[in-house]
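I have placed the structure first, in the form of structure tokens, so that the comments after it can refer back to it.
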């Protein structure tokens, strides 16, 4: 199986300088984890909280390309990641707009191990941190 680069676009924030430095220095991350989130809304309290529903885990990831875009009110950065293995974990949310509710279901994790060249989901690390003397 031949996988291409994984492209991420995100707003400029406090992680941006470290990500840029990692790109410039060729840092290889043991694990790179990306959380795609939704906002769970409580209609009784009219409050919301961020809840991850899609987790992407890459092993031996390196930022292959880093660029900026500024077409709106806030700068965006685009990163392309090269990796050895990748997996997806999805907590699917089925909205019921008629009743202003939603049901969640966990889908079976899927992934690809590039070293073994076979299907194999990767576990999400229990703790994440920056581990590099270059950053």
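The values are calculated or read from the model by the stated rules, or taken from the named source; none is laboratory data. Predicted model only: the values in this text are computed from it and were never measured. In this analysis, Cβ positions are derived from the backbone assuming ideal geometry, glycine residues included, and neighbour counts consider all displayed protein chains.
Before moving on, here are some points about what is shown:
- Considering residues of the range 42-59 that are surrounded by 13 or more Cβ atoms within 10 Å (Cβ to Cβ) and under 22 Å from residue 94 (Cβ atoms) only, the residue modelled with the lowest pLDDT: 51
- Yes/no for residue 38 being more than 29 Å from residue 104 (Cα to Cα), in contact with a strand residue (DSSP E or B) (Cβ under 8 Å, 6 or more places away or on another chain) and either surrounded by 10 or more Cβ atoms within 10 Å (Cβ to Cβ) or modelled with pLDDT of 85 or more (or both): no
- Residues of the range 105-129 satisfying the condition of being at pLDDT 70 or above and surrounded by 11 or more Cβ atoms within 10 Å (Cβ to Cβ): 107, 109, 110, 111, 112, 113, 114, 119, 120, 121
- Of the residues 102, 64, the single one that is in contact with a strand residue (DSSP E or B) (Cβ under 8 Å, 6 or more places away or on another chain), assigned to a strand (DSSP E or B), surrounded by fewer than 16 Cβ atoms within 10 Å (Cβ to Cβ) and modelled with pLDDT under 70 is 102.
- In the range 1-35, the qualifying residues are those that are over 17 Å from residue 66 (Cβ atoms) and touching a strand residue (DSSP E or B) at 6+ places or on another chain (Cβ under 9 Å), and the one that is surrounded by the fewest Cβ atoms within 10 Å (Cβ to Cβ) is 1.
- Number of the exception - residue 90 against (1) closer than 18 Å to residue 35 by Cβ; (2) modelled with pLDDT under 65: (2)
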